[in-house]
Every structure is written in structure tokens, then in C-alpha cells.
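Written below as C-alpha cells is the structure these notes are about.
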Amino acid sequence: MKAVFVQRDEKSAKAKAAELARQFQTRFPKAMEIFEAGIDDVLSYLHYPQPHRVRISSTNPLERLNLEIRRRTRVVGIFPHAGSCLRLIGMLLVEKNEDWLTDDKAYLTFDDAPAEESAAKVLSMAASQ
């Protein structure tokens, strides 16, 4: 299965996926049905530029963000109401977004484009999915 995800383009990845599905169809029919149904979704990262694929094919940044949110909410302990918790989490997300847009080592960059332009490109690429 790993061979499907190391392909450089969507066409070859789908060909490997079809080959894998044919190979295991008789032994694992239900698993291959689920695999074939979700292959377009799991290969969506191939629509992005090559330098971005390494970063978006992993959930590590999302897991790190969740850990940061958990750490900061544990410091507070008990929130007076749900709105206060949402405000804190929202502020953390805004702060992280600003860091990603303005940092010299930005998470995703588009060559020499300004940060606002880069953010617009990321959003337009995500919207096209």
C-alpha cells in the first residue's frame, strides 16, 4: 500500500491503487471496496505543488496544534462558560495562522509572493478540492 502514496503524480498513484485492489480483491473484498471508494480523497494532496506535499501529507502539524490547544486550556482549568473556551481556542488559532503567514520559515510558501497572496493561493487551492 505504501507504493501508492510514494508516486509522484495522481495518474501513477491511481494505477498502483487499482493494481493493489485487483491483487487483494479476492482475499479482502470489503476492505478493497472501502479503499477504492476513498482513493480520490487520500490522494488529494497530489493536486498541490511538489514542495508542499511533504507537509500536507502528514497530520503532524495538526496534532501539534491540538497539543498546544490542550496545553493552554489545561492551564485555565475550568471555564465559566463555553463561550470563554471558544474565545481562547479561537485566539490560539488566529495566533497560529498569523505565525504561519508572517514567519520567515512559513509552513507553506509560494516563492516570492507576499504572505497575503500566499494565503489567498492556499485558500483557493483548498477550495478547488
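What follows draws every value from the coordinates through simple rules; no lab data is involved. Just so we're clear, the structure is a prediction, and the values are computed from it rather than from any experiment. Note: ideal-geometry Cβ built from the backbone for every residue, glycine included; neighbour counts use all protein chains shown.
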Rounded to a whole number, what is D in µm²/s for the range 2-47 from Stokes-Einstein with the Kirkwood radius over alpha-carbon pairs (4 °C, 1.567 mPa s)? 121
For S58 and R72, extending 7 Å from Cα along the Cα-Cβ vector and measuring point to point gives, in nm, a value of 2.3
I89 to Q50: extension gain in nm, 0.36 nm per residue of separation minus the Cα-Cα distance? 10.9 nm
Evaluate E = 1/(1 + (r/R0)^6) for N97 and A31, where r is the Cβ-Cβ distance and R0 equals 30 Å; express this FRET efficiency to the nearest 0.05. 0.20
